[in-house]
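> Below is the structure I would like to discuss, written out as structure tokens.
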Amino acid sequence: MNDKLTAYFSALARTDHSVNVAADKIMGQRREGIAIDQPCELGYHCPVCEYLLEDDGDYDERLLWSEYNSFLWCSVCNKDYPSALCQPDIDKAIETFLASVSQAQEMAVGDALAVTP
Ligand SMILES: [Zn+2]
């Protein structure tokens, strides 16, 4: 296994992941599934760390899908960030923000419909 894959699987195995109670309550947790693309492959970048997104064709994979909907988790910062903050392209950041709000609204409606009298 190469160094990048080793670092990636080490990050996933961390047991001290950040916890964001408000993100959990408001946005909920992602459904289990296999993500085909990593956030870095979709242009997302940690808003705090300074690094090259791509170096000679290799992506920096520190940013991973968070357990919370519409959030990404930086394995270096050990912090969950709203996806829109991780999008350097401002037009894509706006799209990401609106998609996040839309998803939250749909979940709220779904929860309201799921309540039985
Ligand atoms: Zn970071």
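> Only residues that are hydrophobic (A, V, I, L, M, F, W, C), part of a strand (DSSP E or B) and without any contact (Cβ under 8 Å) to a residue 40 or more places away in the chain: list them for the range 62-83, please.
Initial filter on the range 62-83 (hydrophobic (A, V, I, L, M, F, W, C)): 63-65, 71-74, 76-77.
Now narrow it down to the ones that are part of a strand (DSSP E or B): 63-65, 71-74.
Hits for the range 62-83 are Leu63, Trp65, Leu72, Cys74.
> Something else about it: Residue by residue through the range 78-93, note down the ones that are touching a helix residue (DSSP H, G or I) at 6+ places or on another chain (Cβ under 9 Å), under 13 Å from Tyr68 (Cα atoms) and not charged (D, E, K, R).
The answer is Pro82, Ser83.
> Same structure again: Condition (residue is in contact with a helix residue (DSSP H, G or I) (Cβ under 9 Å, 6 or more places away or on another chain), assigned to a strand (DSSP E or B), crowded, with 18+ Cβ neighbours inside 10 Å and among the charged types (D, E, K, R)) applied to the range 49-61: is it met by at least one residue?
Scanning the range 49-61 turns up no residue that is in contact with a helix residue (DSSP H, G or I) (Cβ under 9 Å, 6 or more places away or on another chain), assigned to a strand (DSSP E or B), crowded, with 18+ Cβ neighbours inside 10 Å and among the charged types (D, E, K, R).
> Moving to a separate point now. Filter the range 41-77 down to residues that are touching a Leu at 6+ places or on another chain (Cβ under 8 Å) and either within 12 Å of the ligand (Cβ to nearest atom) or β-branched (Val, Ile, Thr) (or both), then give me how many there are. First the steps, then the outcome.
Taking the range 41-77 and keeping what is touching a Leu at 6+ places or on another chain (Cβ under 8 Å), we get 43-47, 59-60, 63-66, 72-75.
Restricting the remaining residues to those that are either within 12 Å of the ligand (Cβ to nearest atom) or β-branched (Val, Ile, Thr) (or both) gives 44-47, 60, 63-64, 72-75.
Of the residues in the range 41-77, 11 are touching a Leu at 6+ places or on another chain (Cβ under 8 Å) and either within 12 Å of the ligand (Cβ to nearest atom) or β-branched (Val, Ile, Thr) (or both).
> Within the range 17-34, does at least one residue satisfy the condition of being modelled with pLDDT under 90 and either within 16 Å of the ligand (Cβ to nearest atom) or over 28 Å from Gly110 (Cα atoms) (or both)?
yes
> Scanning the range 78-109 for residues that are more than 16 Å from the ligand (Cβ to nearest atom) and polar (S, T, N, Q), which turns out modelled with the highest pLDDT?
Step one: of the range 78-109, the residues more than 16 Å from the ligand (Cβ to nearest atom) are 89-109.
Filter once more, so that each one left must be polar (S, T, N, Q): 96, 100, 102-103, 105.
Values: Thr96: 96, Ser100: 93, Ser102: 93, Gln103: 88, Gln105: 88.
The extreme case among them is Thr96.
> Just to be sure, is Tyr51 aromatic (Phe, Trp, Tyr) and closer than 20 Å to Met27 by Cβ? Steps first, please.
Numbers: aromatic (Phe, Trp, Tyr): yes; closer than 20 Å to Met27 by Cβ: no.
The answer is no for Tyr51.
> Testing Asp37 on (1) more than 8 Å from the ligand (Cβ to nearest atom); (2) within 12 Å of the chain's Cα centre (by Cα); (3) surrounded by 13 or more Cβ atoms within 10 Å (Cβ to Cβ), one condition comes back false. Which one is that?
Among (1) more than 8 Å from the ligand (Cβ to nearest atom); (2) within 12 Å of the chain's Cα centre (by Cα); (3) surrounded by 13 or more Cβ atoms within 10 Å (Cβ to Cβ), the lone unmet condition for Asp37 is (3).
> Here's another thing I want to ask about it. Would you pick out the residues in the range 47-95 that are farther than 20 Å from Ile36 by Cα and hydrophobic (A, V, I, L, M, F, W, C)?
Val48, Cys49, Leu52, Val76, Cys77, Leu85, Ile90, Ala93, Ile94
The values are calculated or read from the model by the stated rules, or taken from the named source; none is laboratory data. All values derive from a computational prediction rather than experimental measurement. As a convention, Cβ positions derive from the backbone with ideal geometry for all residues, glycine included, and neighbour counts pool all protein chains shown.
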